[in-house]
Amino acid sequence: MSRTLPRPPKVVDLHADSIANFEDYDIDELLGLSLEKLRDNLDAAIYWEYTQIEFIHGRGKGILRETVYEELRYYKESGSISSYHPSYRNSDIVVVHIGL
């Protein structure tokens, strides 16, 4: 079986400046790009059977963090991931456990 999705990194930065030139987008567009990056990398991690992946959402005003956690709740409720929690070493990072 050949794998078609590229293998994602173990740690993914969701900050706007790591995705695009943030001056060219408004806040909703940047949030959408970050959410798309989360989904793409989480789906790839599930596909590649990772046990966990980490996403850096940062502090800021908490908009990105809340959006990330809302999306992860959906993944957990659908059974795609087993759990998620803030990193013990840095609360600006969420650790996602994919397998049991």
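The values are calculated or read from the model by the stated rules, or taken from the named source; none is laboratory data. Values in this document were obtained by computation on a predicted structure and should not be read as measured data. Note: ideal-geometry Cβ built from the backbone for every residue, glycine included; neighbour counts use all protein chains shown.
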Do any residues in region 10-39 that are without any contact (Cβ under 8 Å) to a residue 12 or more places away in the chain have Cβ atoms under 8 Å from those of residues that are in a helix (DSSP H, G or I) and among the hydrophobic types (A, V, I, L, M, F, W, C), where the two are at least six apart or on different chains, and which pairs are they?
PHE22/ALA16; PHE22/LEU30; TYR25/ALA16; TYR25/LEU33
Can you tell me which residue is farthest from the chain's Cα centre (by Cα) among those in region 22-44 that are surrounded by 15 or more Cβ atoms within 10 Å (Cβ to Cβ) and modelled with pLDDT of 95 or more?
ALA44
Given the residues ILE81, ILE53, which is the only one that is within 15 Å of the chain's Cα centre (by Cα), β-branched (Val, Ile, Thr) and assigned to a loop (DSSP other than H, G, I, E, B)?
ILE81
Every pair of residues 6+ apart whose Cβ atoms lie under 7 Å, when the first sits in region 55-72 and is in contact (Cβ under 8 Å) with a residue 24 or more places away in the chain and surrounded by 14 or more Cβ atoms within 10 Å (Cβ to Cβ) while the second is part of a loop (DSSP other than H, G, I, E, B) and of a type in the set (Gly, Ala, Ser):
LEU64/GLY58
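This table checks each residue for (1) within 18 Å of PRO9 (Cβ to Cβ); (2) modelled with pLDDT under 95; (3) not hydroxyl-bearing (Ser, Thr, Tyr).
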site: ILE46; (1), (2), (3): yes, no, yes
site: ILE56; (1), (2), (3): yes, no, yes
site: GLY60; (1), (2), (3): no, yes, yes
site: TYR74; (1), (2), (3): no, no, no
site: SER82; (1), (2), (3): no, no, no
site: ARG89; (1), (2), (3): yes, yes, yes
site: VAL96; (1), (2), (3): yes, no, yes
site: LEU100; (1), (2), (3): no, yes, yes
Can you say whether ILE19 is of a type in the set (A, V, I, L, M), modelled with pLDDT of 95 or more and touching a helix residue (DSSP H, G or I) at 6+ places or on another chain (Cβ under 7 Å), as far as the supplied structure shows?
no
